[in-house]
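Worksheet: one structure, shown below.
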Amino acid sequence: METQTPIPGLFLPLIYFCGLLEGGTMIKINEEIVKNAVLGGALLGGGGGGNIIDGEKLGELALAVGIPTLIDLDELPDDATLITVSAVGAPAAKEQYIKPIHYVKAIQLIQETGLKIDGLLTCENGGLATMNGWFQSAVLEIPVVDAPSNGRAHPTGLMGSMGLHKNQEYLSKQTAVGGDKDKGKYVEMYLAANIFEASRIVRQAAISAGGLVGVARNPITVNYARKNAAVGGIRQAITLGEIMHEANKINSEYMIDKILGFIGGKNIAKGKINRINLKTVGGFDVGIVEVYNEKESYELIFWNEYMCIEKQGQRIATFPDLIATIDLNTGIPLTTSNIKEGQHVAILHIPKQKLKLGAGMKDPEIFKPIEEATHKEIIKYSF
């Protein structure tokens, strides 16, 4: 994932709000919908995208402070301006520090340039990432639009740029806010540059801020999003979460069967987390999770998200295929930043053809940093 972070503080009772989820149909969003969105989003995070507890808290906070709205892409004119919101950095960074107001400030910095924002897009799905923009929507009264940059989580900003990096004339406008002022790490930044340079600078800002920054970036039109975003990605997460919640009332294995029946894919194996090797390097979490059972062992290589899985050296699945680990005791999808040795898990593989993917997942060039970080062949298997 591009990175999400916990939302601290106390939360007030939920306020119902209305969202246009599909075909202009108005529905009421309540605590149950929030929980479905973050649970389904957690699975689609593929090891990234933030965890469920933080996502639920952010959803509750958004509903408590105002009336956020979630609308369908077709509710806005083709020339309306959308902007992507996210957090960037390493989920396991020990000095990470972001308050909800930092996410709002990132949007306000963009608005101060004179840009009128008509809608907010999350960069990806995830336990927390699916909630991206909801708090900002409540405070600023700008709707969240159901057209994520990507329908699964991904590690870099370029992967969430919906193919804008291919347009040499496009000037990326980005803001980044975060860090603890008491420790001298607070960062508040606006920049305009080509996407490659802007992404690099924002990643460095995250490191300077202690590991994470809230980001607003890349103004686009509704028409561009319609052609290049993962349209309907939030709806998919909500539906998936509803299926998971109901099925998990029976048991986790029944839930896994229902997940695969809905979205497709395969339950690769069940086993115990035998070893975890995690390092935070260059603003990313990178490492290996080893899962072992009585018959064989599996290695899951991650760079924030799971990038590939190998069985005794043989490649089984590769990003942007979705690789997910589910705790068999709780039925909860696990992120690479909070998975622990000794947990009993199932490993799911959902092929990329079954996912809603944005244009950022279709260019081999921006997959090269994965190979450099993980020392694994990725492009050969992904395209």
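Spelling out what I want: for every residue of the stretch 137-151, take phi, set θ = phi - 60°, compute 6.51 cos²θ - 1.76 cosθ + 1.60 (Karplus), and round to whole Hz; glycine and proline get x.
5, 5, 7, 9, 6, 10, x, 7, 10, 7, 8, x, 4, 8, x
Roughly how compact is the stretch 262-382, stated as its Cα Rg over 2.2 N^0.38 Å to two decimals?
1.02
About the Cα centre, and with charges only on the beta carbon of Lys, Arg (+1) and Asp, Glu (-1), how big is the dipole of the stretch 262-382? Nearest 20 debye, please.
Magnitude of the dipole: close to 320 debye.
Of Lys99/Lys183; Lys311/Lys376; Lys249/Lys352, which ones are farther than 18 Å apart at the Cα?
Lys249/Lys352
For the stretch 17-233, what is the convex hull volume of its Cα atoms per residue in Å³?
In the stretch 17-233, the Cα convex hull volume per residue is 107 Å³.
Note down, for the stretch 167-224, the three equivalent ellipsoid semi-axes (square root of 5 times each alpha carbon gyration tensor eigenvalue), biggest first, whole angstrom.
25, 11, 7
Between Glu377 and Ile67, how high is the FRET efficiency from 1/(1 + (r/R0)^6) when r is the Cβ-Cβ distance and R₀ = 41 Å? Nearest 0.05.
0.25
In terms of the Cα gyration tensor, with a ≥ b ≥ c the square roots of its eigenvalues, is the stretch 226-310 rounded because a/c is under 1.5, prolate because a/b exceeds b/c, or oblate?
Oblate, because a/c is 1.5 or more while a/b does not exceed b/c.
How high is the relative contact order of the stretch 95-205, in percent, with contacts defined as C-alpha pairs under 8 Å that are six or more residues apart?
26 percent
Percent relative contact order of the chain, based on C-alpha pairs within less than 8 angstrom and at least six residues apart?
21 percent
Under 20 Å from a point placed 7 Å out from the Cα of Thr221 along the Cα-to-Cβ direction: which residues of the stretch 107-122 have their backbone N that close?
Output list for this probe position: 114-121.
Percent relative contact order of the stretch 17-233, based on C-alpha pairs within less than 8 angstrom and at least six residues apart?
28 percent
Sum -39500 (n - 2.57) across every DSSP H segment of at least 4 residues in the chain, then divide by the residue count to get the 222 nm mean residue ellipticity, nearest 500.
Helices in the chain give a 222 nm mean residue ellipticity of -8500 deg cm²/dmol.
I need the calculated FRET efficiency for the pair Glu75 and Thr113, taking r as the beta carbon distance and R₀ as 25 Å, to the nearest 0.05.
After rounding, the FRET efficiency stands at 0.50.
Which trypsin sites (Lys or Arg not before Pro) in the stretch 282-357 pass both tests, a DSSP loop state and at most 11 other beta-carbon atoms within 10 Å?
Here the sparse-neighbourhood loop sites are Lys295, Lys340.
For the chain, the longest stretch holding no GluC sites (Glu not before Pro) located in a DSSP loop with at most 16 other Cβ atoms within 10 Å is which?
Excluding the exposed sites themselves, the longest stretch runs over 170-293.
Within 10 Å of each candidate Cβ there may be at most 11 other Cβ atoms; applying that plus a DSSP loop requirement, which trypsin sites (Lys or Arg not before Pro) in the stretch 23-111 survive?
Counting only loop positions with at most 11 other Cβ atoms within 10 Å, the trypsin sites (Lys or Arg not before Pro) in the stretch 23-111 are Lys94.
For a label point 7 angstrom out from the Cα of Lys99 toward its Cβ, which stretches of the stretch 31-67 have the backbone nitrogen within less than 20 Å?
Under 20 Å, as judged by backbone N against the label point of Lys99, lie 54-55, 57-66 of the stretch 31-67.
Per Stokes-Einstein, at 25 °C and 0.890 mPa s, what whole-number D in µm² s⁻¹ belongs to the chain, with the Kirkwood radius over Cα pairs as the hydrodynamic radius?
Translational D for this selection: 121 µm²/s.
List every residue whose amide H lies under 5 Å from the amide H of Ala317, counting only residues 5 or more places away in sequence or on a different chain, with H placed 1.01 Å from N in the peptide plane.
Those lying under 5 Å, H to H, from Ala317 are Ile309.
Quick one: if you take sqrt(5λ) for each eigenvalue of the C-alpha gyration tensor of the stretch 39-98, what semi-axes come out, biggest first, whole angstrom?
Equivalent ellipsoid semi-axes, largest first: 26, 16, 14 Å.
Is there a quick way to get the dipole size of the chain? I mean about its Cα centre, with the Cβ of Lys and Arg at +1 and of Asp and Glu at -1; what is the value in debye to the nearest 20?
For the chain, the charge dipole is close to 600 debye.
Among Leu120, Ser149, Ile220, which residue has its Cα positioned farthest towards the positive end of the charge dipole of the chain, with +1 placed on the Cβ of Lys and Arg, -1 on the Cβ of Asp and Glu, and the dipole taken about the Cα centre?
The residue sitting most towards the positive pole is Ser149.
Compute the distance from the alpha-carbon center of the stretch 155-200 to that of the stretch 215-284, in whole Å.
That distance is 25 Å.
Can you work out ³J(HN,Hα) from phi for every residue in the stretch 95-101, in order, using Karplus 6.51 cos²θ - 1.76 cosθ + 1.60 and θ = phi - 60°, giving whole Hz and x for Gly and Pro?
Along the stretch 95-101, the couplings run 9, 4, 7, 9, 9, x, 5 Hz.
Taking a cut-off of 16 Å, what percent of all Cα-Cα pairs in the stretch 185-267 are separated by more than that?
Summing the P(r) of the stretch 185-267 above 16 Å gives 69 percent of all pairs.
Could you give me the ³J(HN,Hα) list for the stretch 102-111, computed from phi with Karplus coefficients 6.51, -1.76, 1.60 and θ = phi - 60°, whole Hz, x at Gly and Pro?
So the J values, rounded to whole Hz, are 5, 5, 5, 4, 4, 6, 4, 4, 5, 4.
What's the FRET efficiency of Tyr170 with Asn338 using the Cβ-Cβ distance as r and R₀ = 41 Å, to the nearest 0.05?
0.70
Please label the shape of the stretch 83-153 as rounded, prolate or oblate, based on the square roots a ≥ b ≥ c of the eigenvalues of the alpha-carbon gyration tensor (a/c under 1.5 means rounded; beyond that, a/b larger than b/c means prolate, else oblate).
The shape class here is oblate.
Using the 10 angstrom Cβ neighbour count as an exposure proxy, how do Asp321, Asp257, Asp285 rank, fewest first?
Listing Asp321, Asp257, Asp285 from fewest to most nearby Cβ atoms yields Asp257, Asp321, Asp285.
Quick note: the coordinates plus some simple rules give every number you see, no bench work behind them. This structure is a prediction, so every number in the text was calculated from the model and none was measured. As a convention, Cβ positions derive from the backbone with ideal geometry for all residues, glycine included, and neighbour counts pool all protein chains shown.
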